[in-house]
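Visitor: Would you mind keeping the following structure in view while I ask a few things?
Nothing in this text is a laboratory measurement; each read-out follows from the coordinates by a stated rule. As the structure is a computational prediction, the values presented were derived from the model and not from experiment. Reconstructed Cβ throughout: ideal geometry from the backbone, glycine too, with neighbour counts over all protein chains shown.
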Amino acid sequence: MNWREGTIDEVMALVEQVPELDTPYPREEYEQRLGTVTHLIQIAEVEGKAAGFKVGYALDEQQFYSWLGAVLPQFRGQGVAKTLLRAQESWAKEQGFKQINVKSRNRYPEMLRMLLGKGYHLVDMQKASDTPLDYRILLEKSL
């Protein structure tokens, strides 16, 4: 399994294959978030097939925001997300960032466990609705 830099179009095509991402962002959202800032689009490949992705961008000179990522269902449990996470952290550190921020939701316990296991710390929670599963969990890690 390896990763390479990718494009917005590749990410948008992969999002369509991830059941949990049932309200995909329009292209304009990607362009607005990534257009004028340092960013990284990663595509994970397993045996030459796109298996997942991770998208992040600079919040400022010190902080990198890990915005969006997923692994296609047929590739889960193979370490794809961990590989992308490690690679993103290494890249961000090389670019001079001191911290990575990420948001997840209670409905994604596997992601929360992975982040906590990789040294991310819970720093805040936002109630996005009356449903606790939709609460946004904010985590960060110093690089």
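Visitor: Looking only at the stretch 105-119, decide whether some residue is under 22 Å from ILE8 (Cβ atoms), out of contact with any Cys (no Cβ under 9 Å at 6 or more places or on another chain) and among the hydroxyl-bearing types (Ser, Thr, Tyr).
Guide: Within the stretch 105-119, not a single residue is under 22 Å from ILE8 (Cβ atoms), out of contact with any Cys (no Cβ under 9 Å at 6 or more places or on another chain) and among the hydroxyl-bearing types (Ser, Thr, Tyr).
Visitor: Sticking with this one: Suppose we filter the stretch 55-103 for residues that are in a loop (DSSP other than H, G, I, E, B) and either within 11 Å of the chain's Cα centre (by Cα) or within 12 Å of LYS141 (Cβ to Cβ) (or both); how many remain? Show your work before the answer.
Guide: In the first step, residues of the stretch 55-103 are kept if they are in a loop (DSSP other than H, G, I, E, B); the result is 59-62, 72, 76-79, 95-98.
Next cut, either within 11 Å of the chain's Cα centre (by Cα) or within 12 Å of LYS141 (Cβ to Cβ) (or both) only: 97-98.
Of the residues in that region, 2 qualify.
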